[in-house]
Amino acid sequence: MNGQLPKGHVLTTPGGAKLRVEDTFGSGAQGEVYRVSTDRGDRAVKWYHANMATPGQREIIETLVGRRLNDTRFLWPQALVTDPADRAGAFGYLMAVRPRDFHDLPALFRREVKGINSRKLTIVALNTAEAFLALHAQGRAYRDINYGNLFFNPANGDILICDNDNAVEENKDTGIWGTSEFMAPELMRQDPNARPTVQTDLHALAVLLFMLLMNHHPLAGKAELDIRCFDDAAMKRLYGTKPVFLFDPGDASNRPVPGEQDTVIANWRVCPPVLRNLFTQAFTIGLARPEQRVRETVWRDTFSQVYDSIVECGHCGRTNYIDPGANPPPVTCWKCNRTVDLPPRLEIVRDERLRRVSRSIRLTQDAKVYEHHLRRTVSQHDYSRVVGEVEAHPTEKGRFGLRNATSKPWRVHNEATRSLQDVPPGKRANLRPGLLIEFGDGVEALYREK
Amino acid sequence: MTGSGPTAWHVLRGSVRGLNKKFNQDSLYTASVADGAALVLSVADGHGSAAHFRSNMGSRWAVREFADCVTPFARTVVDRQEDPTTWLALFAAARALAGPICHRWRERALLYEAGHPANGAAAGERNPTRADLIPYGTTLLGLVVTQQLLFCWQVGDGDITTSADAGAPPRRPLATAEEEYGDDTDSLCEPEPWVKMRVHCQPMAPLGPRPLLIANTDGLSKSFEDERGYLKFATDVHSALERQGIDKVRLLLEGWLTRAAGKSGDDTTLVGVYAGE
C-alpha cells in the first residue's frame, strides 16, 4: 500500500473494537485518512504521520473523545485508535465517514459543485456561523478555521466540519496557530500575549464566510499581486502588519484588480448592504480591535434574514439578494440589469424580552415560514421544519397564499372585511392587505405590500 | 540531499513531439535548489489547437514562472523541514502560492502580448487588463521535493503520480473525481485560474525510502486504454529503475515516450525523480 497502513491491517480502540483498514480516502498535512470496516459499518480513521503523533496530540484526542460536542455538524473524534502491532506509539482517531455528496470550498471555487444556488449557499453560511457558535458557547476555540475543514451539501445547505482535533478549551495550548490566510493579524504578527482564542476564531470565521460568498480572500487584492516573492515576510505583511480590506471605504490601496480578480468585484456588487456592512466591520475595525469582530450570533441572524430576502427578478428569473426588511434600497438585477420588482412580504412579529420584534419574509415561489421564525431562540436552524408554505396564485400574478403545514389551525383576521376565521391544517390563507395570521404563543404574521 | 531519507535523487526527463504535430508544444523544467537539498520539477502542455497558436510560448513561460515562484519557497522548506511543527504552515504557504504562480504567468504573457498582440491590434486600441490570453493557453504541473516533504500543484489535465515501491499501486493525489476528457481542460489562460489549481502536500516518509515521483502531460496517460494501464506504466518504470538502474531507464525513456506519443498522437512529456542508491 502506498501509505502508512496496509490493506487488511487491524487497528483497535480502547473499548476493544477492531477496525480493519480497507483503503485510503486521502493523505494530507497531518496524516492519512483511511476507510475502515467495523462491526457497525464503515468508519473513517485519521492516522497521524509519525512526526505529528505527539503525546500532546494524543492527550488532546483523548480529551475530545471524553467531551464530545452534541452537534451533528461536526465530524467529532469518536475514539482513540491505536495499532496493536506498533510499538512506536502511533495513533489516530475514529470518526464518521463524510458522505460523498458533501463538497469542499475549493470545488465550489472551481465551479465543480452542481446544484448550488444563492439560497443554499446562504444556508451553508448560516450553518457555518451557527456551528461555530455551538463550539464557542462551550468555551472551546477551533484554532484552525480554514476552507479545507468545511464541507457542504449543495442539495440542502447542510455542512460538516472536519479536523476537529484541536478544538479544546481556549486556555489550553495545542501548538496550533492556524492557517496563515485565516490567522488574525495579531497572530500573524506574533504579538506578545497573542494566542488562538475564540476572538481569533471570529476573524477566521469572517474570512471563511467572505470566501464562501465572494470566492476570494478579503485581503488579497492589488497588494497581493504586487508581491514578486511570496515568502513569509510577504504573507506577514499581507495578513498581519499591513492588512487592508479589498473594499475598505477609507483605504483604496488594495482594491481587487479588474481583469484579474473579477469574480470578487462582481460578487461584492450583488452582496446585500447588510452583509457588506458586516464584512466591512470585520475587515476594517475588526482587524485591529478583536472585541469589534462580528459575533457568530450576528452572522447567523443576518444570514437567516438574508435568506428570507432572496427574490427572483421578474424579467429574467435570476435570483437576487435584496436587503432584509421594509423599504430596501432598489436593486438592479445582476443578470439583465433591470430593476428588480419587490414582491410583497410577510412580517412576522413576536415577543422578545418584553418588546415586540419583527422580521420579514419576501413572498416568492420558494418562500416558507419555518419554525425558527416563530421562536425567540433556536440552537439550530432547521429548514426541514416548515410551518407555512407560500403558494403563488395560479392565475393572478403577485397574489399569494400561505398553506398551513402544521397540525394546528391558525386564526386569521381580515381588517378589510373585519372577519375572523380559522385556517385548518393543510388549508390555505389568501394573503391580502390587512391580513393578520395568529400562529399561537403571541406570534403573528402581517401581510405587507412593500 | 542529506539526512535520514533517500541517499540520492535521480531526475528523469523527456519530451517527445506528437505524431503529425509540427512542433512540440509541451515544456519541462527541472532544477536543484539549495545545493541539491530540494528539487523543482514541472511540465506544461500548451493546448496546441488553432485558437491556442502561441501555446508553445505559454507552456514555456509556465514552467519557468513556476520555478521562479516556488524556488524561494523550496529554500524555506529546506530550512524548516527538520522541525515538524512548521509543516502545517509550509503546507498553507504552498496552497497560497497558487495565486502568485498564475499571476506571474499572466504577467509574462501580458508583457509579450503588449508588444506582439495576437490579434494584431494597434497600440492605441489595446486594453492591457482585458487582453485575450487564449492563444497562450497551457496546463501546468509542478513539484517541489525535499527529503522530508512533497508539494504538488496542478492546473488542467496531466498526471502527478507517487509510487512508494514497485510492488504497491501508485497514487495520483491530485486526480479529480470526474477526470477531464477530450480536449477540454482547465488552463492558465482562463480568468482567475488559481481557483482551478489543485494543491497537494504530504510528508515523504509514507512513500518509503525509494519512491518514484512523476509529473507528465496527458499525452502519456491518453496513450493507455484506461487509468489502470497508465498506473501499470508507473509501476513498470519503478520496477525498471530498481532492477536496471537509472542510467538504463534514462536510455529507455525516450522510446517509451515516443511509443506513447504515437498512440495518443499528442506531445508527451515526463519529469520524474527517483530516490535510489
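What follows draws every value from the coordinates through simple rules; no lab data is involved. Quick caveat: nothing in here was measured; it's all calculated off a predicted structure. Reconstructed Cβ throughout: ideal geometry from the backbone, glycine too, with neighbour counts over all protein chains shown.
Given a Förster distance of 30 angstrom, what is the FRET efficiency for A:S407 paired with A:Q365, based on the Cβ-Cβ distance and rounded to 0.05?
Calculated value: 0.75.
So which cysteines in chain A don't have a second cysteine's C-beta under 4.7 Å from them?
By the Cβ distance rule, which asks for a partner under 4.7 Å, the isolated cysteines are A:C162, A:C229, A:C271.
Can you give the local net charge around B:E242? Use residues other than it whose beta-carbon is closer than 9 angstrom to its beta-carbon, Lys and Arg +1, Asp and Glu -1.
+1
Once R0 is set to 41 Å, what does the formula 1/(1 + (r/R0)^6) return for the Cβ-Cβ distance between B:K232 and A:V386, expressed as a FRET efficiency to the nearest 0.05?
The computed FRET efficiency comes out at 0.15.
For segment B:220-277 and segment A:132-152, write down the distance between their C-alpha centroids in whole Å.
45
If packing is taken as the average number of other Cβ atoms within 10 Å across a peptide's residues, how do A:438-444, A:195-201 rank, most packed first?
Output ranking for A:438-444, A:195-201: A:195-201, A:438-444.
On a straight-distance basis, which aspartates and glutamates could pair with B:K222 in a cross-link, Cα separation under 14 angstrom, same-chain partners fewer than 8 positions away excluded?
Qualifying aspartates and glutamates at Cα under 14 Å: B:D45, B:D157, B:D159, B:E179, B:E180, B:D183, B:D184, B:D266, B:D267.
If you take the beta carbon distance between A:T417 and A:Q292 as r and set R0 to 60 Å, what does 1/(1 + (r/R0)^6) give as a FRET efficiency, to the nearest 0.05?
So, using R0 = 60 Å, E works out to roughly 0.75.
Taking beta carbons within 10 Å but only from partner chains, what does the mean come to for residues B:91-101?
Neighbouring Cβ atoms belonging to other protein chains average 6 per residue here.
Note the angle between two axes, namely the Cα long axis of helix A:273-283 and the longest principal axis of the Cα atoms of chain A, as a number of degrees from 0 to 90, rounded to the nearest 10.
Between helix and principal axis, roughly 30 degrees.
Quick check for me: using +1 on Lys/Arg Cβ and -1 on Asp/Glu Cβ, what's the dipole size of the protein assembly as shown about its Cα centre, in debye to the nearest 20?
1460
Between B:L12 and residues 5 or more places away or on another chain, which pairs have amide H atoms under 5 Å apart, with H built 1.01 Å from N, and which residues are they?
Amide H to amide H, under 5 Å and 5 or more residues apart or across chains, B:L12 pairs with B:G272, B:V273, B:Y274.
Name the residue from A:G426, A:P192, A:Q4 whose Cα lies farthest towards the positive end of the charge dipole of chain A, charges +1 on Cβ of Lys and Arg and -1 on Cβ of Asp and Glu.
Projecting each Cα onto the dipole axis, the largest value belongs to A:G426.
Want the number for A:E396 to A:R98: 0.36 nm per residue separation, take away the alpha-carbon distance, what's left?
102.7 nm
Sorting A:K120, B:K263 on the 10 Å Cβ count, fewest up front, what's the list?
B:K263, A:K120
Residue separation times 0.36 nm, minus the C-alpha to C-alpha distance between A:T38 and A:V357: what's the value?
109.8 nm
Could you put A:R399, A:R418 in order, starting from the residue whose Cβ has the fewest other Cβ atoms within 10 Å?
Ascending Cβ contact count within 10 Å gives the list A:R418, A:R399.
Using label points projected 7 Å from each Cα along Cα→Cβ, tell me how many nm separate A:T12 and A:R67, to one decimal.
With each label point 7 Å from Cα toward Cβ, the separation is 2.9 nm.
If I model a spin label as a point 7 Å beyond the Cα along the Cα-Cβ vector, how far apart are those points for A:R276 and A:E22 in nm?
Modelled inter-label distance: 5.0 nm.
If you take the charge dipole of segment B:170-277 about its Cα centre, with +1 on Lys and Arg Cβ and -1 on Asp and Glu Cβ, which of B:S239, B:V273, B:A215 is farthest toward its positive end?
B:S239
Please arrange B:H200, A:H103 by how many other C-beta atoms lie within 10 Å of their C-beta, fewest to most.
A:H103, B:H200
Return one number: the angle in degrees, 0 to 90 and rounded to the nearest 10, between the long axis of the Cα atoms of helix A:296-307 and the longest principal axis of the Cα atoms of chain A.
On a 0 to 90 degree scale, this one is about 50.
Per-residue Cβ counts within 10 Å, from other chains only, averaged over A:255-261: what number is that?
4
Which of the peptides A:311-321, B:22-32 is most tightly packed, and how do the rest follow, going by the mean number of other Cβ atoms within 10 Å of each residue?
The peptides rank, most packed first, as B:22-32, A:311-321.
For all pairs of alpha-carbon atoms in segment A:337-450, what percent lies in each bin of width 10 Å, listed from the first bin to the last filled one?
14, 46, 33, 7, 1
Take B:A51 and B:N20, extend 7 Å from each Cα along the Cα→Cβ direction, and tell me the distance between the two endpoints in nm.
Once both label points are built, they end up 2.1 nm from each other.
Could you work out the mean count of beta carbons from other protein chains within 10 Å of each residue's beta carbon in B:202-212?
4
Mind jotting down the distance between the C-alpha centroids of segment A:6-85 and segment A:291-306, whole Å?
Each part's Cα centre sits 34 Å from the other's.
Find which of A:I322, A:V257, A:L402 sits farthest along the positive direction of the dipole of chain A, computed with +1 on the beta-carbon of Lys and Arg, -1 on that of Asp and Glu, about the Cα centre.
Final value for the positive-end residue is A:L402.
Could you please report the charge total around B:P211, scoring K, R as +1 and D, E as -1 over all other residues with beta-carbon less than 12 angstrom from its beta-carbon?
Summing Lys/Arg as +1 and Asp/Glu as -1 gives 0.
Please give me the summed charge of the neighbours of A:P185: other residues whose Cβ is under 13 Å from its Cβ, Lys and Arg +1, Asp and Glu -1.
+3
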